[in-house]
Amino acid sequence: MTETTRPTIAVIGGTGALGSGLAGRWARAGYPVVVGSRSPEKAQAAAADFGAKGASQAEAAAMADIVVLTVPYATHAGVIDEIRAHCAGKIVIDATVPLVPPKVGTVQLPADGCAAVQARAAFGEGVTVTSAFHNVSAHKLQGSAPIECDVLVFGDDKEAREAVLRLVEAAGLRGIHGGPLANSAAAEALTSVLITINRLYKVDGAGIRIVGRMADGSAL
């Protein structure tokens with residue numbers, strides 16, 4: 001892959017609302033995209049909507065340069081087991097939030113920190129785990145219109161974070177460096193807060209915006 005070649009992106013869980021929204025946006029932005037699903041047939045049908053490829057989860061991960069996890073927390077560990085061997089040397093973007101039904105509006109982070117930290121441990125050495133896309137409503141990703149929502153990007157590798165920020169921009173959002181992977185706990189927890197805000201205030205998908213002034217006086 002040269003500097004001018006766009007990476008192939010595998011969206012694991014790509015038939016769901018979040019996964020299909022991201023996959024469609026990247027495909028329309030000119031990125032090679034593979035939709036991965038437990039059902040290759042469903043993956044192929046979903047991918048056909050925006051001219052991408054569909055495959056099993058393991059096959060999609062094998063074909064990609066960057067792997068994006070958009071799966072429910074309940075299946076998170078099992079999916080990682082399935083695709084781990086195909087992610088060596090690659091960037092993984094984990095969008096998983098540890099929601100535990102029925103109290104999804106209550107923060108319930110795992111004892112070892114957050115889903116992203118669990119993913120890093122599960123993938124092991126040789127896989128660069130980052131996390132992003134926790135706080136954007138999945139239904140708003142359908143289509144290609146810009147979304148007034150910032151995306152916090154976490155990771156311990158600076159170059160990997162930069163690569164994820166480029167994908168955030170390609171998806172029509174603004175990305176903000178959020179620091180090391182352990183900080184993903186803040187965004188994962190915030191999802192439950194936003195769910196509660198949506199319910200109490202009848203909001204159609206609350207998101208976040210980071211505001212402030214930089215040292216030169218320009219807006220962040």
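Annotations for the structure displayed:
- Among (1) β-branched (V, I, T); (2) buried (at least 19 other Cβ atoms within 10 Å of the Cβ); (3) at pLDDT 95 or above - the single one I147 does not satisfy: (3)
- Residues of the stretch 202-220 classified as surrounded by fewer than 10 Cβ atoms within 10 Å (Cβ to Cβ) and free of Cβ contacts under 8 Å to residues at least 24 places away in the same chain, total: 10
- Inclusion of T96 among residues that are among the polar types (S, T, N, Q), under 21 Å from V151 (Cβ atoms), crowded, with 17+ Cβ neighbours inside 10 Å and out of contact with any Pro (no Cβ under 8 Å at 6 or more places or on another chain) is not warranted.
- The C-beta contact set for the stretch 170-182 (first residue of a type in the set (V, I, T), second residue modelled with pLDDT of 95 or more, distance under 6 angstrom, 6+ apart or interchain) comprises I176/D150; I176/L152; I176/I210.
- Scanning the stretch 11-38 for residues that are surrounded by fewer than 23 Cβ atoms within 10 Å (Cβ to Cβ), touching a residue at least 24 places away in the same chain (Cβ under 8 Å) and not in a helix (DSSP H, G or I) turns up T15, G16, A29, G30, Y31, P32.
- Hits in the stretch 39-58 - residues which are within 18 Å of the chain's Cα centre (by Cα) and among the basic types (K, R): none
- Across the stretch 137-156, the number of residues qualifying as in contact (Cβ under 8 Å) with a residue 40 or more places away in the chain and acidic (D, E) comes to 2.
- Qualifying residue in the stretch 3-10 (condition: of a type in the set (S, T, N, Q), part of a loop (DSSP other than H, G, I, E, B) and farther than 17 Å from E169 by Cα): no
- Take the conditions (1) under 27 Å from K90 (Cα atoms); (2) buried (at least 18 other Cβ atoms within 10 Å of the Cβ); L194 misses just one of them, which is (1).
- Out of L194, L167, one residue alone is at pLDDT 95 or above, under 24 Å from S20 (Cα atoms) and touching a strand residue (DSSP E or B) at 6+ places or on another chain (Cβ under 8 Å). It is L167.
- Only one of A119, A48, A85 that is in contact (Cβ under 8 Å) with a residue 40 or more places away in the chain and not acidic (D, E): A119
The values are calculated or read from the model by the stated rules, or taken from the named source; none is laboratory data. A quick note: this is a predicted structure, and the numbers were derived from the prediction, not measured. A quick note on method: Cβ atoms are made from the backbone with ideal geometry, for glycine too, and the neighbour counts reach across all protein chains shown.
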